[in-house]
1. What is the local net charge at Leu81, summed over the other residues whose Cβ is closer than 9 Å to its Cβ (Lys, Arg +1; Asp, Glu -1)?
2. Note down the net charge around Leu99, summing +1 for each Lys or Arg and -1 for each Asp or Glu among other residues with Cβ under 12 Å from its Cβ.
3. Need the list of lysines near Lys60 for cross-linking: C-alpha distance under 22 angstrom, and skip anything on the same chain fewer than eight residues off.
4. Over the chain, with a Gaussian network built from C-alpha contacts below 10 Å, which listed residue (Arg247, Arg25, Arg128) shows the highest mean-square fluctuation?
5. Pairwise over distinct Cα atoms, reciprocal of the mean inverse distance: report the Kirkwood radius of the stretch 247-313 in Å, one decimal place.
6. Taking every Cα atom in the stretch 42-126, find the radius of gyration and the maximum pairwise distance Dmax, and write them in Å.
7. Running a GNM on the chain with Cα contacts under 10 Å, which residue among Leu271, Leu143, Leu240 ends up with the highest mean-square fluctuation?
8. Select from the stretch 96-146 those chymotrypsin sites (Phe, Trp or Tyr not before Pro) which occupy a DSSP coil region and have at most 13 other Cβ atoms within 10 Å, ordered by residue number.
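No lab work stands behind these numbers, since they all come straight from the coordinates. This one's a predicted model, so the numbers in the text were calculated from it and none came from an experiment. Don't worry about glycine lacking a Cβ; one is built from the backbone with ideal geometry, like all the others, and counts go over all protein chains shown.
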Amino acid sequence: MTFVDAIPTVAASVPSGTDLAIETRGLTKRFGRQTAVNGIDLAVPRGAVFGFLGPNGSGKTTSIRMLLGLTGASSGQITVLGQSMPGHLHDVLPRVGALVEGPAFYPFLSGTANLRRLDTADRYAPSRTRKARVEQALDRVGLTHAANKKVHAYSLGMKQRLGIANALLVRRDLLVLDEPTNGLDPQGTREVRSLIRSLAAEGTTVFVSSHLLAEVEQMCTHAAVMSAGNLVAQGTLADLGRGSEPRLRVRTPDPDPAMQAMSALGLQPVLTEVPGGDPWISSPFPAEHRDPDAVVTALVRAGVRIRGLAVEETSLEERFVALTGEGFDVVQ
């Protein structure tokens, strides 16, 4: 049994059928003997900002490519906007905006010229509103000042914004963004985050792939966690944050009587030495023992000097690390 096999999948009660923008059943992708995506069951509610989270190489981009019909699945079923894929590719894709594996543009054309060319190639895009839509898309991603600059002079972050602008040229029911804040500075990251939230407020479902936990926490309503090709958790952010008990932490110069008093209360204290300071004693704090006042009373009666006491909820970061067995980048 692998580490992932041993982890129970966290799954909130999720809508089904017409309430889902994306649904997969047993979606699998193999490259020879290597399984890149292993039987995942995604359920993305309509109107959600859905974070597709996992370390680099966990199968996120491969999954997205299958959702969009860019590569075939080895097995499993895909439904996007209520229609099976890739069988209804031509009906579904006009309703989907996507930025996958970084944007690609003509380097010696301006941002405006690139977007006009791409819009012209879209047979569903109305030509009479093209100029206005290109200008509006550039404005929404903060590139109006660079609209006439050649793309080869754009920074990576500017190219990323131009890719998002391309996805916004026509009103979409679903927006799929693979690492949308890649290469952006902190201000650009905040702007993209705000843009994504505004799109969701207008009714667009946004599916965001990321390895940045902080980004998912700040802009998503739901998330799924990938690890080594396996879907190990999905649900609302609140659902994903649950599953591990809070911990009680006590800092004291009297560790021995403190541990005895805590053990007598049914807790499981563990001592952590702090060089040059008072040690910390921590313990799981299950509901049946969750009375900080009783702990303080027992410690005082035992003559323990308390320098600090805290009840710490399990952070989303800690929960994800527990699910995947590896860390996440948590800052941009």
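1. Neighbour charge sum, excluding Leu81 itself: 0.
2. 0
3. Lys29, Lys159
4. Ranking Arg247, Arg25, Arg128 by mean-square fluctuation puts Arg128 first.
5. 11.6 Å
6. Radius of gyration, then largest Cα-Cα span, for the stretch 42-126: 15.2, 42 Å.
7. Per the Cα network of the chain with a 10 Å cutoff, Leu271 tops the list.
8. Filter output for the stretch 96-146: Phe108, Tyr124.
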